[in-house]
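As structure tokens, the structure follows; a few thoughts come after it.
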Amino acid sequence: MSPMPPPTSASPAPALDIWGLRLTLPGTARPVLDGVDLTVGPGDTVALVGESGSGKSLTSRAALGLLPPGAATEGAVRVEGHDVLAASAERLRALRAGTVAMIFQDPRATLNPLRRIGDFLTEGVRATGLMDGPTATARAVELLRAVGLDDTALGTYPSQVSGGMLQRVVIAAALMGDPALLLADEPTTALDVTTQAEVIALLARLRATFRTGLLFVTHDLDLAAAISDRVYVMYAGRIVETGPADALFEHPRHPYTAALLASTPRLTAPGGRLSAIPGQPPDLRTPPAGCAFAARCSLATGICRESVPEARPAQGRPEHVAACHHSDRLRLAEEGAVADA
Ligand code: SF4
């Protein structure tokens, strides 16, 4: 692992730069995050995908400095050049009020049902002194319009609006401090399909308007494909594949990515059947000796059970990387399928 370069003044700092992040918890035999490298450039949308328990949410929360009790970390997490892991509690509060914001899964769990939406929108920036009351209200009205709502929402309570409208309010609140980085953790899971599509379109539009870097955490590969420039695939606390969204979804080079794609519901699937990934992710109490996916992988051989695969460029493209001893077999299978067609 090479040392992380210091931030330079010549180019804008990435919205998020995670390097070699290793996170261990008391009582576990393997790290819950193990050498995670991930970058979100200014104005970029990056998707982090994987099954439940893969470490996606822990990774995104690390960008806010929200770590589980007793967590020990190595590596670095920088938000627009600011070192989050070394930040004081006061510095973290200031970062969360301005530089980085999060949209959680369930908007109804995010808002206090007894407070008006206007208070919810403005209290964070007023409490940290980022804006005075009139400025905060003007900004709230501007952002409500940007998310397709009008200023009558300021005086309403959460119980008076739909889940879709509430998620728009949460997105507007996240933008109040003009953040460099927006973290969206399964932001559409609690919404119906139509509202999901609206929220995804809204996030894409806001990203373009405000040049906010967006880390989109999801288990839904179709959503990731719809919104992201780049995708990171996570399994058992490691990034196992990353690349530009189109290359990764069209030419997966890690068997786990290929299996996730095969298990995504498709109307055109043969016989209408889903291809489930067999088995379970490895237990935190019993770390595997080699590749963590070996027990579930149809391509596994002896070397897979003995040695942890390093990330290597796939198809000679440095921007597309997979950590698999046999990623060439996926390429050969794909080339064979094209030749047979
Ligand atoms: Fe499968 Fe081996 Fe690749 Fe792991 S290293 S994903 S077990 S082929």
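The values are calculated or read from the model by the stated rules, or taken from the named source; none is laboratory data. Bear in mind the structure is a predicted one, so any value in this text is a computation, not a measurement. For neighbour counting, all protein chains shown are included, and Cβ atoms are generated from backbone atoms with ideal geometry for every residue, glycine included. The protein model used for the area step is the full one, side chains on, heavy atoms only, and it has no ligands, DNA or RNA in it. Shrake-Rupley method; radii C 1.70, N 1.55, O 1.52, S 1.80 Å.
So here's what we get for this one:
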quantity	calculated
Selection from the stretch 232-247 of residues that are more than 15 Å from the ligand (Cβ to nearest atom) and crowded, with 24+ Cβ neighbours inside 10 Å	232, 243
Of the criteria (1) surrounded by 18 or more Cβ atoms within 10 Å (Cβ to Cβ); (2) in contact (Cβ under 8 Å) with a residue 60 or more places away in the chain, which one residue 81 fails	(1)
Selected residue (only one of 186, 198 is of a type in the set (Asp, Glu), over 12 Å from the mean Cα position of the chain (by Cα) and under 14 Å from residue 171 (Cα atoms))	198
Residue 285 of a type in the set (D, E, K, R), part of a loop (DSSP other than H, G, I, E, B) and closer than 20 Å to residue 31 by Cα	yes
Single residue of the stretch 275-311 satisfying the filter (under 25 Å from residue 20 (Cα atoms) and surrounded by fewer than 13 Cβ atoms within 10 Å (Cβ to Cβ)) that is nearest to the ligand (Cβ to nearest atom)	307
Residue selected from the stretch 86-128 under the condition within 22 Å of the chain's Cα centre (by Cα) and among the polar types (S, T, N, Q), by the criterion most open to solvent (accessible area, probe 1.4 Å)	105
Matching residues, the stretch 129-171, being open to solvent by less than 60 Å² (accessible area, probe 1.4 Å) and charged (D, E, K, R)	139, 168
Residues being at positive phi and surrounded by fewer than 18 Cβ atoms within 10 Å (Cβ to Cβ) - total across the stretch 27-57	3
Any chance residue 271 is in a loop (DSSP other than H, G, I, E, B), among the small types (Gly, Ala, Ser) and at pLDDT below 95	no
Number of positions in the stretch 8-19 that are of a type outside the set (Gly, Ala, Ser) and part of a loop (DSSP other than H, G, I, E, B)	3
